[in-house]
1. Could you check, for the range 225-239, whether at least one of its residues is more than 30 Å from Pro58 (Cβ to Cβ) and either of a type in the set (Val, Ile, Thr) or touching a residue at least 12 places away in the same chain (Cβ under 8 Å) (or both)?
2. Return the residue satisfying two criteria in turn: it lies in the range 224-236 and is among the hydrophobic types (A, V, I, L, M, F, W, C) and within 19 Å of Gln66 (Cβ to Cβ), and of such residues it is surrounded by the fewest Cβ atoms within 10 Å (Cβ to Cβ).
3. Quick check on the range 79-87. Is at least one of its residues at pLDDT 70 or above, among the β-branched types (Val, Ile, Thr) and not in a loop (DSSP other than H, G, I, E, B)?
4. Of all residues in the range 237-278 being surrounded by 14 or more Cβ atoms within 10 Å (Cβ to Cβ) and acidic (Asp, Glu), which is nearest to Arg39 (Cα to Cα)?
5. For the range 225-283, name all the residues that are in contact with a Gly (Cβ under 6 Å, 6 or more places away or on another chain) and assigned to a helix (DSSP H, G or I).
6. Of these, Gly321, Gly300, which one is surrounded by 14 or more Cβ atoms within 10 Å (Cβ to Cβ), under 16 Å from Leu125 (Cβ atoms), in contact with a His (Cβ under 7 Å, 6 or more places away or on another chain) and at pLDDT below 75?
7. Go through the range 260-314 and count every residue that is touching a helix residue (DSSP H, G or I) at 6+ places or on another chain (Cβ under 7 Å), among the β-branched types (Val, Ile, Thr) and over 26 Å from Ala337 (Cα atoms).
Amino acid sequence: MTITDRAWLLALAPALVLAACVPSVREVEAPVRATLRTRLGAEPARDDEATRKALAAPLTRASVRQLALASPRAQAALARLGVAAGDAAAMRSLGMTELHGTLHLGDGGSLVAGEVELTHDVLDLVLAAPRRRAGQAQLAAAQARAAADLVALVAAAEEAYVAVAAARDAVAAARDGFDAAAAAADLVERIHAAGGTTDLALAREQAMREEARLDVARAEADVEAARAELDAVLGLTGASTSWTAGEGVAELPVEPPMLDDLESTAVATSLELAALRADALAAANRAREAGVKAWLPELGAGVAAEYHDGGWFPGPTVRVGLPLVSGDRARARSARAAGDEVAARTFAVAAEVRARARAVRMRALASYDEARHVRDVLLPLRRRVLEETVLQYNAMNASPLELLAARRELTRTELALLAARRRFVSSMIAAEALRDGAAVASGHTPSSAPAPASTPASGAH
């Protein structure tokens with residue numbers, strides 16, 4: 001084997017080692033899938049037939065969770081791991097082998113003199129361990145963030161589905177309210193035409209009817225907007241958007257949720273904090289590498305051969321870089337600053353997770369208490385008012401308008417209960433996401449769920 005042949009083999013060796021170290025897609029995704037199986041009880045799986053069957057049946061929160069994990073967003077989160085894996089594999093490089101040579105030919109084309117030098121970057125071999133640890137930590141951080149993205153995606157899909165269910169239920173209640181308001185306005189219009197009430201009473205009832213009409217329009221628009229939001233989260237287009245919602249907003253549990261440990265659990269399971277801890281390890285190893293290169297930017301060793309007097313004369317060679325005007329000192333400072341930035345960001349994120357957990361706990365308990373009070377206290381009172389008004393109406397002691405007003409107030413209370421239940425469910429979705437390692441924002445009350453308001457009942461008098 002000639003010197004040139006050996007040189008090519010040595011030059012290709014690091015690339016061959018690097019190629020052998022590149023992890024497979026399955027290996028890179030395995031920790032993410034294991035995390036999701038443990039925390040969500042499911043993992044991403046692109047199955048077009050299963051997706052089609054799920055969309056053909058009425059959707060539930062369980063099927064929406066699985067659809068979210070099969071969505072394009074889920075596939076994108078996993079695909080990003082390939083980039084991180086490639087970067088991590090590149091950091092396992094054992095350095096570069098360089099071949100330099102100079103040949104001098106005579107008049108007849110024969111070799112007169114020459115020099116060939118084959119060197120390998122020994123410094124890369126020395127720093128292979130910290131660089132490898134930095135690459136592994138960098139990949140671990142990417143895996144933690146991918147898992148966090150998928151947990152947040154599932155929570156967003158559940159929240160979007162609850163918004164659809166709440167908006168659909170609100171339409172039915174809003175239509176009941178409109179029917180009552182329309183009946184009241186029609187009655188007053190007849191009474192007014194007979195001269196039995198004032199213009200003020202007529203205008204008041206007509207205004208209430210039109211407000212109720214707007215409530216129905218808003219509720220119907222909320223349904224379409226909520227469906228579009230869920231389509232966006234799940235990546236549905238075309239015929240796939242013709243799904244139907246099965247479950248409504250969940251009823252309140254018998255007991256309030258146990259959320260006393262939510263703050264500590266959220267910090268312990270936070271995937272973003274896990275990613276930042278991996279970032280800190282990667283930054284520390286990059287700083288260690290940069291610190292060595294700051295005073296020894298290059299160190300190479302190899303063999304050189306010189307041709308003269310009709311023969312080659314080999315010998316060892318060493319190449320050493322001097323840190324005179326190199327940028328390695330600046331890179332070392334940058335690496336140390338990156339470590340400081342990660343440490344500060346870890347503290348900030350931990351504080352944010354704690355604050356988010358406290359806020360979610362407060363909203364969940366407050367919405368639970370509100371919904372239970374409306375359900376157990378206010379709603380029975382409204383029903384009793386309606387029942388008593390019916391009795392008084394039958395006894396000719398209450399007017400038709402008073403009866404219709406009592407029905408309107410009951411409808412508004414039912415909408416208030418629906419809104420409170422939705423806020424509770426949304427808060428619990430956010431709480432479960434925190435327990436699973438991702439911080440998400442809970443949803444908001446739809447515009448079609450107005451708070452209870454008093455409605456004058458004496459307009460015809």
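1. Within the range 225-239, the subset more than 30 Å from Pro58 (Cβ to Cβ) is none.
No, the range 225-239 has no match at all.
2. The selected residue is Ala232.
3. Step one: list which residues in the range 79-87 are at pLDDT 70 or above, which gives 79-87.
Filter once more, keeping what is among the β-branched types (Val, Ile, Thr): 83.
Next cut, not in a loop (DSSP other than H, G, I, E, B) only: 83.
Among the residues of the range 79-87, at least one is at pLDDT 70 or above, among the β-branched types (Val, Ile, Thr) and not in a loop (DSSP other than H, G, I, E, B), which makes the answer yes.
4. Step by step, filter the range 237-278, then rank; the result is Glu272.
5. Filtering the range 225-283 for residues in contact with a Gly (Cβ under 6 Å, 6 or more places away or on another chain) gives 269-271, 283.
Thr269, Leu271, Ala283, listed by residue number.
6. On the way: Gly321 fails: in contact with a His (Cβ under 7 Å, 6 or more places away or on another chain).
Checking each option against the conditions leaves just Gly300.
7. Total satisfying the criteria: 2.
Quick grid of which residues meet (1) basic (Lys, Arg); (2) touching a residue at least 40 places away in the same chain (Cβ under 8 Å); (3) under 30 Å from Glu414 (Cα atoms):
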{"position": "Trp312", "(1), (2), (3)": "no, yes, no"}
{"position": "Arg336", "(1), (2), (3)": "yes, yes, no"}
{"position": "Glu370", "(1), (2), (3)": "no, yes, yes"}
{"position": "Val374", "(1), (2), (3)": "no, yes, yes"}
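The values are calculated or read from the model by the stated rules, or taken from the named source; none is laboratory data. Fair warning: this is a prediction, and the values are worked out from it, not measured in the lab. In this analysis, Cβ positions are derived from the backbone assuming ideal geometry, glycine residues included, and neighbour counts consider all displayed protein chains.
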